[in-house]
Amino acid sequence: MGVGLIILIGKQGAGKGTQCARLAARYGVPHIATGDMLRAAVRSGSELGGKVAALMDAGHLVPDELITAVVADRLREADAAHGAILDGYPRTLAQAEALEELASPRGVTAAILLDVPTETVVKRLSARRVCEDCQTVYSADPWPPPATCSNCGGRVVQRADDTPAAITERLRAYEQETAPLLDFYRVKGLLAIVDGSEELDEVTRRIVAALDAARA
Ligand code: ADP
């Protein structure tokens, strides 16, 4: 039967990407990260990439229908038949409604809020560096960040949207568009809140405990 669809919600820099990769490995389901998929589209120069590049660099969300179509296609692939870890989707109420249909009849299994104070994520994002090939995350604090990825040898770079202006816009979009999802999942009895300020292994342990409780 598999784990079904698990959603991670949290501010930019809350640690969703790292935790989602761990959960995907643990449960044997794909990690579907919409931001990574869109950045890959931009790099490949596809039609989709051309539509979203400027919006992403400025820290704006891309249109709901467009990202929902991307996620719908991805969920139809064979490896997602028994579940998936969704990272970065849904991010608006319209997307959450659309996902209800995509996830039907089984529905979403659980929504986890990775809770981290804004002050902490601003610090993390400003120092964030990523491998442009495999997306492994590094930090420039303490300085200097590594030049190449220890995982795949790719170049370690700063994301175009980790600038102060784009960080401010992304956090504004989170509060305005994404925070309302918490009530959406709370009233369905699907929301679990995990403190994302703890160290990585402890955060993973708490998410797994919340998921086990939700599935029991
Ligand atoms: P972050 O959460 O740190 O902003 P992501 O890598 O998840 O980073 O997303 C990067 C960008 O991709 C977003 O700022 C937005 O432009 C676009 N994006 C990703 N997922 C969605 C989504 N579900 N809806 C709209 N835009 C999205």
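The values are calculated or read from the model by the stated rules, or taken from the named source; none is laboratory data. For clarity, every value in this text was computed on a predicted model and none was experimentally measured. As a convention, Cβ positions derive from the backbone with ideal geometry for all residues, glycine included, and neighbour counts pool all protein chains shown. With ligands, DNA and RNA removed, areas are computed over all heavy atoms of the protein, side chains included. Shrake-Rupley method; radii C 1.70, N 1.55, O 1.52, S 1.80 Å.
Is there any pair with a first residue in the range 53-81 that is in contact (Cβ under 8 Å) with a residue 40 or more places away in the chain and a second that is within 10 Å of the ligand (Cβ to nearest atom) and of a type in the set (K, R) whose Cβ atoms are under 6 Å apart and which are 6 or more apart or on different chains, and what are they?
What qualifies is G59/R170.
From R106, R170, grab the single residue that is within 17 Å of the chain's Cα centre (by Cα) and either more than 13 Å from the ligand (Cβ to nearest atom) or surrounded by 15 or more Cβ atoms within 10 Å (Cβ to Cβ) (or both).
Only one candidate qualifies: R170.
Would it be correct to say that R129 is more than 9 Å from the ligand (Cβ to nearest atom), open to solvent by 30 Å² or more (accessible area, probe 1.4 Å) and modelled with pLDDT of 95 or more?
So R129 fits the description; yes.
Would you confirm whether or not the range 184-204 contains a residue that is closer than 20 Å to C20 by Cα, acidic (D, E), more than 16 Å from the ligand (Cβ to nearest atom) and part of a helix (DSSP H, G or I)?
Taking every residue of the range 184-204 in turn, at least one turns out to be closer than 20 Å to C20 by Cα, acidic (D, E), more than 16 Å from the ligand (Cβ to nearest atom) and part of a helix (DSSP H, G or I).
Output the residue which, of all residues in the range 61-97 that are open to solvent by 30 Å² or more (accessible area, probe 1.4 Å), of a type in the set (A, V, I, L, M) and within 13 Å of the ligand (Cβ to nearest atom), is nearest to the chain's Cα centre (by Cα).
L61
Which residue pairs have Cβ atoms under 8 Å apart, sit 6 or more places apart or on different chains, and have a first residue in the range 102-115 that is within 15 Å of L86 (Cα to Cα) and a second that is charged (D, E, K, R) and crowded, with 17+ Cβ neighbours inside 10 Å?
L114/K16
Could you tell me whether the range 192-213 includes any residue that is modelled with pLDDT of 95 or more, exposed (fewer than 12 other Cβ atoms within 10 Å of the Cβ) and among the polar types (S, T, N, Q)?
No - not one qualifying residue is present in the range 192-213.
Can you confirm whether C149 is at pLDDT below 95 and away from the ligand (no atom under 13 Å from the Cβ)?
No; evaluated as a whole, the condition is false for this residue.
When you check A25 against the structure, is it open to solvent by 60 Å² or more (accessible area, probe 1.4 Å) and aliphatic (A, V, I, L, M), yes or no?
yes
Scan (1) of a type outside the set (S, T, N, Q); (2) touching a Gly at 6+ places or on another chain (Cβ under 9 Å); (3) open to solvent by 60 Å² or more (accessible area, probe 1.4 Å) for the single condition P117 breaks and write down its number.
Failing condition for P117: (2).
Which residues, counting only those in the range 124-144, are outside any helix (DSSP H, G or I) and hydroxyl-bearing (S, T, Y)?
T136, Y138, S139
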